[in-house]
Amino acid sequence: MNFIVTWLNVFRDVLSDKTRIRVTDQEVGHHCKTLAKAITRDFRPDLVVAIDTGGSIPGELIGQCLGLPVVHIVIRRDIKMIRRYGLDPVPLRWIMSLYHHYLFQTAKPIISTSLPVNVSGKRVLIADDAMHTGATVDVAISYLKKGGVTDVKVASLSYVGVRMPDYSVLPRGNYCFPWSRDYK
């Protein structure tokens, strides 16, 4: 059953990749301000942890709006595949795209760098651009809780899967941000 759910998620991801909605720099700034306002209604974080690379810009903008320090954490999936198959023949392109999304769904993210600050006893806001499976956020939450964080919330501009972040401004869907590789 788990296998079927994974492959359904893979097909959903591949199809949503073909219909990504572009978000401009100006829209990102506006969305981050809106997100910061929503956060202050019921959560007062001491620190923003931005998940590199997608969460770097939203994390910095949200931290600036909230007047909070921002630290960056690198979390990666160990996928040994180069995503260059855009030039391949169409059938091969689809196969490679399916395989890439399968690896993304099944490879467990790992922390590549540790935080440069002590987070013990702090309330932390994790910032990212998009929440897909939630696996990256789960790794970050686990890491922060081991560091003694008292409360953790997640802010993301968008979400793709069924799992929602605590704070989000864009409706469910797949978005292409200015820092995305395929934005142009």
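If the condition is being in contact with a Gly (Cβ under 7 Å, 6 or more places away or on another chain) and surrounded by fewer than 16 Cβ atoms within 10 Å (Cβ to Cβ), then the stretch 124-160 contributes Gly148, Thr150. When Val74 is tested against the conditions (1) closer than 18 Å to Ala127 by Cα; (2) touching a helix residue (DSSP H, G or I) at 6+ places or on another chain (Cβ under 6 Å); (3) at pLDDT below 95, the lone failure is (2). Scanning the stretch 22-55 for residues that are of a type in the set (Asp, Glu), touching a residue at least 40 places away in the same chain (Cβ under 8 Å) and closer than 13 Å to Asp151 by Cα yields a single hit, Asp46. Of all residues in the stretch 52-60, one or more are surrounded by fewer than 20 Cβ atoms within 10 Å (Cβ to Cβ), assigned to a strand (DSSP E or B) and out of contact with any Cys (no Cβ under 9 Å at 6 or more places or on another chain). When restricted to residues that are in contact (Cβ under 8 Å) with a residue 60 or more places away in the chain and assigned to a loop (DSSP other than H, G, I, E, B), the stretch 154-179 contains 10. Evaluation of Pro69 against the conditions (1) in contact with a Gly (Cβ under 8 Å, 6 or more places away or on another chain); (2) at pLDDT below 65 shows that the sole unmet condition is (2).
Considering only residues that are among the β-branched types (Val, Ile, Thr) and assigned to a helix (DSSP H, G or I), look in the stretch 14-42 and name the one that is modelled with the lowest pLDDT. Per the stated criteria, the residue is Val14.
The values are calculated or read from the model by the stated rules, or taken from the named source; none is laboratory data. Small disclaimer: the values here were computed from a predicted structure and weren't measured. Every residue, glycine among them, receives a Cβ derived from its backbone with ideal geometry; neighbour counts consider all protein chains shown.
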